[in-house]
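Each remark here refers to the structure printed beneath this line.
The values are calculated or read from the model by the stated rules, or taken from the named source; none is laboratory data. What you are looking at is a predicted structure, and each value in this text was computed from that prediction instead of being measured. Cβ coordinates were reconstructed from backbone atoms using ideal geometry, including for glycine residues, and neighbour counts include every protein chain displayed. SASA here: full protein model, heavy atoms, side chains in, ligands and nucleic acids out. Shrake-Rupley method; radii C 1.70, N 1.55, O 1.52, S 1.80 Å.
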Amino acid sequence: MQIFNNVAEIKKYLSNEKAKNATIGLVPTMGYLHEGHCSLVEKSIDDNDITVVSIFVNPTQFGAGEDYDKYPRDTKKDLELLKTYGTQVIFCPSVEEMYPEDFNTTVEVSDITQGLCGASRPGHFKGVTTIVTKLLNIVNPTKAYFGQKDAQQALVIRQMVKDLNMDAQIVISPIIREMDGLAMSSRNIFLDKDQRHQATVLFKSLQYAKGLYDSGEKSTEKIKSSVEKIIKSSPLVNIDYISIVDISSLKPVEEINSKCLLALAVKFGPTRLIDNIILE
Ligand code: AMP
């Protein structure tokens, strides 16, 4: 396993590999890896000659007062885990390496970043698209892997890659869940025992909504209010949003007549969790 901290060095290594016609898969992460991340790594290893996993807690995608400083980090453990999967290359740069003092450029996707998490986290997606552009330019992968867990993020990146004529194919993989349905997330570690127990309402509410939709309910108001009722049965929650949006425009719809995304963000104490399900 090759570990790089330096942009010039990883570029040189990968350009040598590309000269030998190696296909390259990129899995961008912020570390503190769990089985959700590993599912992307496994897929990339299956699909490509070389898999590059980046580990970088990107400061520009955290707003003021968010959890950048507290975000969990354990690079040593991450490296051990990635080794067991046979990952060939790790890129874990410092903040200074990615954002030198004279750094002066951002990349921003317009409409589809306005709603959902974009509305509650101003500037978040600008940070995401800027860092992902940098990673795609550094690694120049054949394919890059993202999780459906961060559905809006994956769709924003797919849009950016299309709009800017980037080469990488964006692969979106399903949400990996704990046994009780909670979507795996590095932030789950922040939940105390009660919050962790109650956080199962998220998936329960999504499953209930899917059941309603499958039995013919098309009204988003009705589906959303059922979801809200289930989530509010847990006393520790603070709902940020529950939205049903068209899967392409990410604009809210009143009636579900095309493929839609039911997405939610809910806070348990200071910990904000997101989850989603596709209604089609
Ligand atoms: P993060 O480290 O949280 O920025 O996540 C890195 C990548 O892993 C993103 O593409 C996420 O969508 C994906 N990911 C995170 N959690 C999960 C999960 N439970 N299932 C599938 N993919 C996930």
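Quick one: count up the residues across the stretch 224-247 that are without any contact (Cβ under 8 Å) to a residue 40 or more places away in the chain and either open to solvent by less than 40 Å² (accessible area, probe 1.4 Å) or part of a loop (DSSP other than H, G, I, E, B) (or both).
Number of matching residues: 10.
Which residue is most open to solvent (accessible area, probe 1.4 Å), if the candidates are limited to the stretch 162-177 and must be closer than 18 Å to Leu261 by Cα and either free of Cβ contacts under 8 Å to residues at least 24 places away in the same chain or touching a helix residue (DSSP H, G or I) at 6+ places or on another chain (Cβ under 6 Å) (or both)?
If we take residues in the stretch 162-177 being closer than 18 Å to Leu261 by Cα and either free of Cβ contacts under 8 Å to residues at least 24 places away in the same chain or touching a helix residue (DSSP H, G or I) at 6+ places or on another chain (Cβ under 6 Å) (or both), then Pro174 is most open to solvent (accessible area, probe 1.4 Å).
For the list (1) part of a loop (DSSP other than H, G, I, E, B); (2) out of contact with any Gly (no Cβ under 8 Å at 6 or more places or on another chain); (3) surrounded by 19 or more Cβ atoms within 10 Å (Cβ to Cβ), I need the number of the one condition that Val128 fails.
For Val128, the failing item is (1).
When the stretch 43-64 is examined, which residues are found to be closer than 22 Å to Thr129 by Cβ and touching a helix residue (DSSP H, G or I) at 6+ places or on another chain (Cβ under 9 Å)?
Val52, Val53, Ser54, Ile55, Phe56, Val57, Asn58, Pro59, Thr60, Gln61, Phe62, Gly63
Within the stretch 139-148, take every residue that is crowded, with 22+ Cβ neighbours inside 10 Å and of a type outside the set (Gly, Ala, Ser) and give me the one that is nearest to the ligand (Cβ to nearest atom).
For the stretch 139-148, the residue satisfying everything is Phe146.
On the basis of being more than 10 Å from the ligand (Cβ to nearest atom) and closer than 22 Å to Ser39 by Cα, does Leu182 make the cut?
no
Can you name the number of the only condition in (1) within 15 Å of the ligand (Cβ to nearest atom); (2) in contact with a Phe, Trp or Tyr (Cβ under 7 Å, 6 or more places away or on another chain) that Arg187 fails?
Condition not satisfied by Arg187: (2).
Would a scan of the stretch 116-133 turn up a residue that is under 22 Å from Val57 (Cα atoms), in contact with a Ser or Thr (Cβ under 6 Å, 6 or more places away or on another chain), within 15 Å of the ligand (Cβ to nearest atom) and without any contact (Cβ under 8 Å) to a residue 60 or more places away in the chain?
no
Within the stretch 149-161, track down each residue that is closer than 19 Å to Gln114 by Cβ, in contact (Cβ under 8 Å) with a residue 24 or more places away in the chain and within 13 Å of the ligand (Cβ to nearest atom).
Asp150, Ala151, Gln152, Gln153, Leu155, Val156, Ile157, listed by residue number.
Pull up the stretch 249-259, narrow it to residues that are free of Cβ contacts under 8 Å to residues at least 60 places away in the same chain and open to solvent by 30 Å² or more (accessible area, probe 1.4 Å), then point me to the one that is nearest to Ala119 (Cα to Cα).
Looking at the filtered set, the residue picked out is Val253.
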